[in-house]
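Beneath this line is the structure, given in structure tokens, with notes to follow.
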Amino acid sequence: MLPTHALSGMLVALPVALAVPELSALALVAGFCGGVVPDLDMYAGHRKTLHYPVYYPVGAVVAGLAAVVVPSPLAVGAAAALAGAALHSVADVFGSGLELRPWEGRSRRAVYDHYHGRWLVPRRLVRYDGAPEDLALAVLAALPLSFVAGSRLLALVAGTLAVAAVYAGVRRRLASVAERLVAALPPWTTPYLPPRYAAARTSRAPREGDGR
Ligand SMILES: [Zn+2]
């Protein structure tokens, strides 16, 4: 889920805090942004438009090497942002597929691999975004961050973790809420809806597990 990606991106600040402590705050914010940016494609080619599971890691390694040679704010910030985006894009492969109810495990699409020109299959080590194991990962990431984040950035870490906790609590209900909202839209909007929402237009009986 997005908060877990944001916290994972911020983890880049840990090695920076050891090597160049004065740039750790920059790395934390850049890692946060890098962890969030891929999901800005949520409603426009989700997990394809801004997800690059091959190119982001390559860019992160190149930028990371540059930052080691010349640890300037620009180099460290770019490396942290790319590392955050890389962690996000690769981590999505180990989650669920691209579907409204990912816990049903029907989708074969996790993340689009632009380099190989195909969708990567979801591994489902984390069953769905907002699952208890997803929240556990967010907590694990937030713990070490609390030691390197200053007083102001600690609020960013804590706030992100709070969003993760709330999202985990309501995640399964959100699918039904989204379906009701989509059903209330006028028919002409269907071509503009992401496929996972457009498919929800077809009426269906409530399924076991909804709303839990
Ligand atoms: Zn994503």
**Prompt:** In whole Å, how far is the Cα centre of the stretch 86-156 from that of the stretch 20-71?
**Reply:** 15 Å
**Item:** For the chain, size of Cβ-based charge dipole, Lys and Arg +1, Asp and Glu -1, in debye
**Value:** 780 debye
**Relative contact order (percent, whole number), the chain, Cα cutoff 8 Å, 6+ residue spacing** = 21 percent
**Request:** Evaluate the relative contact order of the stretch 47-94 (contact order divided by residue number), counting alpha-carbon pairs under 8 angstrom at least 6 apart; express in whole percent.
**Result:** 49 percent
**Request:** Compute the length gained on full extension between residue 151 and residue 173: take 0.36 nm times their separation in residues and subtract their Cα-Cα distance, giving the result in nm to one decimal.
**Result:** 4.5 nm
**Message:** Exposed loop sites here are chymotrypsin sites (Phe, Trp or Tyr not before Pro) in DSSP loop states with at most 14 other C-beta atoms within 10 Å. What is the longest stretch of the chain lacking them?
**Reply:** 116-212
**Message:** Given contacts defined as C-alpha pairs under 8 Å and at least six residues apart, what's the relative contact order of the stretch 49-153, whole-number percent?
**Reply:** 22 percent
**Prompt:** Amide H of residue 120: which non-local residues (sequence gap of 5 or more, or other chain) have their own amide H closer than 5 Å, using H built in the peptide plane?
**Reply:** 110, 111, 112, 113
**Request:** Would you mind calculating the gained length between residue 133 and residue 188 on full extension (0.36 nm times residue separation, minus the Cα-Cα distance), in nm to one decimal?
**Result:** 15.9 nm
**Request:** Starting from 0 in steps of 5 Å, tell me what percent of the Cα-Cα pairs of the chain lands in each bin.
**Result:** 1, 8, 14, 17, 17, 15, 11, 8, 4, 2, 1, 0
**Request:** Quick one: compute a quarter of the convex hull surface over the Cα atoms of the stretch 1-63 and quote it in nm².
**Result:** 4.4 nm²
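Quick note: the coordinates plus some simple rules give every number you see, no bench work behind them. Everything numeric here is computed off the predicted structure, so don't read it as measured data. Cβ: placed from backbone, ideal geometry, glycine included. Neighbour counts: every protein chain shown.
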